[in-house]
Amino acid sequence: LADELSWHQALGKTPSCSTATLTPLPGSHAAPPPARLPSVAFLLSAPRSGSTLLRLMLAGHPALHCLPELNLLHHNRLGEWHEARLARFGPDSGVVENLKRDLRVPEIDADEPIELTYRRLQDAVAPKLLIDKTPSYAKSLEVLLSAEERFESPVYVHLVRHPLAVVD
């Protein structure tokens, strides 16, 4: 993946994307910054399709840094993300603590725009390519379009698994 991304960048090729104007997600108080963030890869899949195993395999590559399900693109501010994670997983799940560790911060800044969070994650893992493994992004066109707007040439890895493997 990292080699292919470098090859496309060297050729100056970028994936085609929609030029539709997006409206901010509900609860947004400010428009995203005009400058797009460097490329990120998104690992998309259906539930129970082996995305965690693929994430671990990709994380073993020296040019890649693959984080577990961040779910950041569903939000505009880190505080919104924080509240949603606590409501879903509770205070003892480790999800929030893992992000604080990856960001190298003692506390979550509720007013921090998600774009800044991604930038800080990219800076923390540079020069590696950041991979966000959040399968649920594939279910929302709005989220995928926001990725196109926020990042320069985002890369999508769509994992497909035969349905019989997950049917009881």
Legend entry - Cβ-derived FRET efficiency at R0 35 Å, Leu56 paired with Glu107, nearest 0.05: 0.75
Legend entry - Heavy-atom accessible surface of region 40-139: percent carbon and sulfur, 1.4 Å: 55 percent
Legend entry - Shape metrics for region 69-109, restricted to C-alpha atoms - Rg then Dmax, Å: 9.4, 24
Legend entry - Cα convex hull volume per residue for region 49-168 (Å³): 130 Å³
Inset, instruction - Identify, among Leu159, Pro106, Ser136, the residue whose Cα sits farthest towards the positive end of the charge dipole of region 75-168, taking +1 on the Cβ of Lys and Arg and -1 on the Cβ of Asp and Glu, with the dipole about the Cα centre. - result: Leu159
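Sequence gap at least 6, Cα distance under 8 Å: using those rules, report the relative contact order of region 84-160 to the nearest whole percent. Don't skip to the answer; put the middle values down first.
Numbers: 23 pairs, mean separation 11.6, N = 77.
Taking the mean separation of contacting Cα pairs over the length of region 84-160, I get 15 percent.
The values are calculated or read from the model by the stated rules, or taken from the named source; none is laboratory data. Because the structure is predicted, anything quoted here is derived from the model rather than measured. We place every Cβ from the backbone using ideal geometry, glycine too, and count neighbours over all the protein chains shown. Protein only, heavy atoms only, side chains kept; ligands, DNA and RNA dropped before computing areas. Shrake-Rupley method; radii C 1.70, N 1.55, O 1.52, S 1.80 Å.
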